[in-house]
Amino acid sequence: MKLWLFLAAAAVELTGVALSWEPLQWVAKPLLAPLLLWHLGRFCLVGWGLVFATAGDVALLVPGTVPFLLGMACFLGTQICFLIAFLRHGRPRRLVALGYGILWAVLNAVLWPSLGDLRVPILVYSLALSAMAAAAWSVSPVVAAGGFLFLLSDLLIGLGAAGLGFPGRNLVVMVTYIAALFLIVTGVLSRDGTGDRAGGRVARA
């Protein structure tokens, strides 16, 4: 039932984005992370990450640079919570960490000239985001896929901030973001249900 409510809210949100109808987005977007938190069933680190995501979603509904920076700060909290939770399973594979590190450096180098005053905030945020995505590999393939999609979603936002948008970008941003949250939460719960020692750590994550 909880996931059906989440999927319904996601459908409403994507409809609002596709039609550029802000009232639908104001109704549905702030419900996405709370419904997943309800499904998660506990205020662990991943749960607190969803709380920060809720605040970030609301901030990003408001146009302007200040709300954008506020939203980024909230999502930085999300990435830090997720990162610490995932690292409780151990360090990510070296090749994975190296790959995400190279990706972070290359993307920031390419976008740097176009980001203006957002350069440093995006540099810091994207570092935490890349670290989270790399650490997600230490949990499960499902969580790793969620971490990658989160990075992809925010990369598309960064492209927009650099003036490199494309038709349908906002819809792709929301599809990948919704999928990312869904995979991270369901992946954590699935790992928790295995009953092994790593799963036990998820219960505290």
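Residues that are among the aliphatic types (A, V, I, L, M), under 17 Å from V46 (Cβ atoms), touching a residue at least 24 places away in the same chain (Cβ under 8 Å) and in contact with a helix residue (DSSP H, G or I) (Cβ under 6 Å, 6 or more places away or on another chain): does the stretch 154-162 have at least one? No, the conditions are met nowhere in the stretch 154-162. When the test is whether a residue is part of a helix (DSSP H, G or I) and not hydrophobic (A, V, I, L, M, F, W, C), G90 does not pass it. Taken over the stretch 86-100, the residue count meeting the criterion of being open to solvent by 60 Å² or more (accessible area, probe 1.4 Å) and of a type in the set (A, V, I, L, M) is 3.
Elements of the type helices (runs of 4 or more DSSP H) sitting completely within the stretch 1-78 and holding at least 2 residues that are open to solvent by less than 70 Å² (accessible area, probe 1.4 Å) and in contact with an Asp or Glu (Cβ under 8 Å, 6 or more places away or on another chain): these cover 22-40.
No other residue among L118, L149, L155, L103 is part of a helix (DSSP H, G or I), modelled with pLDDT under 95 and open to solvent by 20 Å² or more (accessible area, probe 1.4 Å) apart from L118.
The values are calculated or read from the model by the stated rules, or taken from the named source; none is laboratory data. Being a predicted model, the structure only gives us computed values, none of them experimental. Counting neighbours? That spans all protein chains shown, and the Cβs are built from the backbone with ideal geometry, glycine included. Note: areas computed on protein heavy atoms with side chains; ligands, DNA, RNA excluded. Shrake-Rupley method; radii C 1.70, N 1.55, O 1.52, S 1.80 Å.
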